[in-house]
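Readers should treat all values here as calculations from the given coordinates under stated rules, not as data from a laboratory. As the structure is a prediction and not an experimental result, all values here were calculated from the model. Heads up, the Cβs are rebuilt from the backbone with ideal geometry, glycines too, and the neighbour counts pull from every protein chain shown.
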Amino acid sequence: MRRKASFVVVVLVLALLSLGGWAFWWEPSTLTQKQYDIALNPWPSACDDLKVAVIADLHVGSPYNGLERLTEVVRTVNQSRPDVILLGGDYVIHSVVGGSMIEPEPIAKELGKLEAKSGVYSVLGNHDWWFDGERIKQALEDVGIPVLEDEAVEVEHHECRFWLVGISDYWERAHDIEKAFKAVPNDGSVLVLTHNPDVFVDVPSRASVTFAGHTHGGQVKLPFLGSPVTMSKYGQRFAVGHIEENGKNLFVTPGLGTSVLPVRFRVPPEVSLVVLRHSSK
């Protein structure tokens, strides 16, 4: 009986060590790329098959996420040949176990190597503002990446035209939606970029898709329970992926880095490729 109990204990200890190694070492160090197809109505037929690369929560300086890793991320995104690249904020780390602070300028310099046919656009996240939002904004703009803080820009891709509306961080800024949409004509097609998905409930229904990050997909996704911690006041409602609610569409990328604890379990770091398709339904 004692032998059997000892065997069970050994098996449990080995299982826990294996899971710990997976969550704290293997999975956070991986890099995945996943494509999502989203059918939209309304969405102009001229913009059919628009490929949008979405990356967020880089947290450069967190374990496994140094400048060399950022180079790999940039290379992976460029190889996918996106039409538009959206950067969802949190480029730096505020605090994470085992991390080391990397200044925003070398991060921006590497992000400046991103290539997209119709441009690279960004917003800032809560970690960026906790560090120095104005400095990070300047660093990105210095390498040619517009930072959209409650403002909009018209984007052209061949015959396709749409407005990209950037809404500032839900936690740390005004997130003035009315101001963000002010320049957009009533008949304009709209995509929204923001950091925190909690703002989605207030985004007008005229927006075809709202893109966000922030949650890291919860970093940990347990069988049957989902993600216990999502850093959202709505719990798991806006945790990750494509969410359709009240006729509106939200896409939340699981991001690339980690915060607080350098752990990921069943939510690997991801470069998200979202293909937007016109639907007649």
Packing-based exposure ordering (other Cβ within 10 Å, fewest first) of 195, 127
127, 195
How charged is the neighbourhood of residue 206? Take every other residue with its Cβ under 12 Å from the Cβ of residue 206, and add Lys/Arg as +1 and Asp/Glu as -1.
0
Using unit Cβ charges (K, R positive; D, E negative) and no other charged atoms, how large, in debye to the nearest 20, is the dipole of the chain about its Cα centre?
1580 debye
Listed by chain and number, the lysines with an alpha carbon less than 20 angstrom from that of residue 233, same-chain partners under 8 positions apart left out, are 221, 248
Determine one quarter of the surface area of the Cα convex hull of the chain, which equals its mean projected area, and express it in nm² to one decimal.
16.2 nm²
Less than 13 Å Cβ to Cβ from residue 180, Lys/Arg counted +1 and Asp/Glu -1: what total charge do the surrounding residues give?
-3
Burial ordering of 103, 159, fewest other beta-carbon atoms within 10 Å first
159, 103
What ranking, highest mean first, results for peptides 218-226, 29-37 when packing means the other Cβ atoms within 10 Å averaged over each residue?
218-226, 29-37
Signed unit charges on C-beta, dipole axis of segment 31-278, positive-most listed residue 158, 118, 100:
100
Roughly how many whole Å is it from the C-alpha centroid of segment 89-161 to that of segment 162-225?
16 Å
Geometric extent, Cα atoms of segment 62-121 - Rg, Dmax (angstrom)
12.3, 38
Could you sort 39-51, 113-125 so that the peptide with the highest average Cβ count within 10 Å comes first and the rest follow in order?
113-125, 39-51
Segment 72-189: antiparallel bridges as % of DSSP beta bridges, rounded to 5, reads 65 percent
Relative contact order in percent for the chain (Cα pairs under 8 Å, 6+ apart) equals 27 percent
Residues other than residue 226 with Cβ under 11 Å of its Cβ, Lys/Arg counted +1 and Asp/Glu -1, net out at +3
Difference of contour (0.36 nm per residue) and Cα-Cα distance, residue 186 to residue 246
19.6 nm
